[in-house]
Amino acid sequence: MTTPAPTLALTRRHLLLAAGAATGSALPPAWAQTAAPAWTDIEKAARGQTVYFNAWAGSEQINAYIQWAAGELLATHGVKLEHVKVSDAADVVKRVRAEKAAGRKAGEGTVDLIWINGENFAAMKRDGLLGAPFTQTLPNFAYVDTTGKPTTLNDFSVPTDGLESPWGMAQLTFFADSQRLPQPPQSTAELLALARKQPGRISYPRPPAFHGTTFIKQVLLEHTRDAAALARPFTPEAFAGVTAPLWAYLDALHPHLWRGGKQFPANAGAIRQMVSDGELLIALTFNPNDAANEIVAKRLPATTTSWQFAKGTVGNTHFVAIPYNAQARAGAMVVANFLLSPKAQARKADIAHWGDPTVLDLARLPAAERAAFAAAPLPGQVKQTAPALPEPHASWVEPLEKEWTRRYS
């Protein structure tokens, strides 16, 4: 396994600088001020442990990647990684909560590591279902781009406080056949203009489908006059004022959508197929490499291009976290550190294996490890990345979806 620094002191220095920069303070946050155990001691404790990694299993590519990581960890650290395949991380959160209610203490749980973000992380942090902060101890955390990718420290406006380790990036991205759409819209205002010009050729998934909810969050972030309110927990008093521009925009857009905005595709997969069939012009995804993957698989033409709005699109980070009662905490930390390594991140970013964007700052990597990442965009990949707009606080999601359903279902 590759680690960036020969001493723990260097790792902590990088981390504290990054954390301080992210918070705008010269001092590190409180969670990073406690003395971290020596990494070599953690590696020794981890050897021989089995780590039960509860992770979504809906993709053959992702499952194969986790199996590759398992082989690497066993060979280099003597850690056995078991992929506990789940369909919804929320079910794992419920299990850990039930174990706490049953009185299970540290070292008595069934989950060692969980793939998580957003509402599920917020719930585990709020309910005390996570162990002590651990990211400051991971040597490879020194390479995380906490400045250029601030969502690596802030999960849906909830500070991570070292309780979860970033694994990959996601950002709202659009794609289309450049022969049908040579000048893609660069904002939701331009999207509305396009819909008026070509009625019936644009749509978005019906919320609460994930990509549909993401689209309305994008509109909200672009048009609200009180963006700061979205970084705070939802309140009924703030909702009407903050969201009024969103509903005004959608009221203007819907008459020009596919089927007059009276019906909506079920999910992003349906939209993608309709674009492939020529029925719609634009598809949307949360993986900037999605179209490139589809081109390689010959499900989209090589003339497909991807883009993000010029001033930014909704983005977030997905993480791994360790529950309070993990049986193999040391092993879980070794796994989290390996998943952050340049070797593991480069393989994950490769569209031949997964195509999930890295959380690392490539400029910090030694040249040989930086070379493992693709130097130029492949066909279908985003050529000019845009800023990632932080997600609204997780508590806004349900009220937004309920109001959309009340208005448009």
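The values are calculated or read from the model by the stated rules, or taken from the named source; none is laboratory data. From a predicted model like this one, the values you see are computed outputs, not experimental measurements. Virtual Cβ from ideal backbone geometry, glycine too; neighbours counted across all protein chains shown. Side chains are part of the model used for accessible areas, which takes the heavy atoms of the whole protein and leaves out ligands, DNA and RNA. Shrake-Rupley method; radii C 1.70, N 1.55, O 1.52, S 1.80 Å.
To keep it simple, each residue is scored yes or no on (1) under 30 Å from residue 176 (Cβ atoms); (2) of a type in the set (Phe, Trp, Tyr); (3) buried (at least 24 other Cβ atoms within 10 Å of the Cβ).
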site: 307; (1), (2), (3): yes, yes, no
site: 311; (1), (2), (3): yes, no, no
site: 319; (1), (2), (3): no, yes, yes
site: 324; (1), (2), (3): no, yes, no
site: 327; (1), (2), (3): no, no, no
site: 334; (1), (2), (3): no, no, yes
site: 337; (1), (2), (3): no, no, yes
site: 343; (1), (2), (3): no, no, no
site: 347; (1), (2), (3): yes, no, no
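Is there a residue being surrounded by fewer than 19 Cβ atoms within 10 Å (Cβ to Cβ), of a type in the set (S, T, N, Q) and modelled with pLDDT of 95 or more anywhere in region 94-110? Scanning region 94-110, I find at least one residue that is surrounded by fewer than 19 Cβ atoms within 10 Å (Cβ to Cβ), of a type in the set (S, T, N, Q) and modelled with pLDDT of 95 or more, so the answer is yes.
When 253, 246, 192, 221 are screened for being in contact with a strand residue (DSSP E or B) (Cβ under 8 Å, 6 or more places away or on another chain) and closer than 23 Å to residue 389 by Cα, only 221 passes.
Set side by side, the residues 354, 307 differ, and just one is within 18 Å of the chain's Cα centre (by Cα), at pLDDT 95 or above and over 28 Å from residue 126 (Cα atoms), which is 307.
I'd like to know if region 352-361 contains one or more residues that are in a loop (DSSP other than H, G, I, E, B) and acidic (Asp, Glu). Checking region 352-361: at least one residue is in a loop (DSSP other than H, G, I, E, B) and acidic (Asp, Glu). For region 278-296, the count of residues that are in contact with a Gly (Cβ under 9 Å, 6 or more places away or on another chain), part of a helix (DSSP H, G or I), closer than 30 Å to residue 376 by Cα and open to solvent by 60 Å² or more (accessible area, probe 1.4 Å) is nonzero.
Do we find that residue 363 is open to solvent by 40 Å² or more (accessible area, probe 1.4 Å), over 30 Å from residue 231 (Cβ atoms) and of a type in the set (A, V, I, L, M) in this structure?
no
Scanning region 114-150 for residues that are hydroxyl-bearing (Ser, Thr, Tyr) and open to solvent by less than 10 Å² (accessible area, probe 1.4 Å) turns up 135, 137, 146.
Looking only at residues in region 164-206 that are part of a helix (DSSP H, G or I) and among the basic types (Lys, Arg), the one that is least open to solvent (accessible area, probe 1.4 Å) is 196. Among (1) farther than 20 Å from residue 149 by Cα; (2) part of a helix (DSSP H, G or I); (3) among the polar types (S, T, N, Q); (4) at pLDDT 95 or above, which single condition is residue 327 missing? In the conditions (1) farther than 20 Å from residue 149 by Cα; (2) part of a helix (DSSP H, G or I); (3) among the polar types (S, T, N, Q); (4) at pLDDT 95 or above, residue 327 misses (2) alone.
When the residues of region 62-89 are narrowed to those that are among the small types (Gly, Ala, Ser) and loosely packed, with under 13 Cβ neighbours inside 10 Å, which ends up modelled with the lowest pLDDT? This residue is 87.
Scanning region 156-176 for any residue that is aliphatic (A, V, I, L, M), touching a Phe, Trp or Tyr at 6+ places or on another chain (Cβ under 8 Å) and more than 30 Å from residue 98 (Cα to Cα) turns up at least one such residue. Evaluation of residue 142 against the conditions (1) touching a Leu at 6+ places or on another chain (Cβ under 8 Å); (2) closer than 19 Å to residue 386 by Cβ shows that the sole unmet condition is (2). Can you tell me which residues in region 50-61 are open to solvent by 10 Å² or more (accessible area, probe 1.4 Å) and within 20 Å of residue 93 (Cβ to Cβ)? Within region 50-61, 52, 56, 57, 58 qualify.
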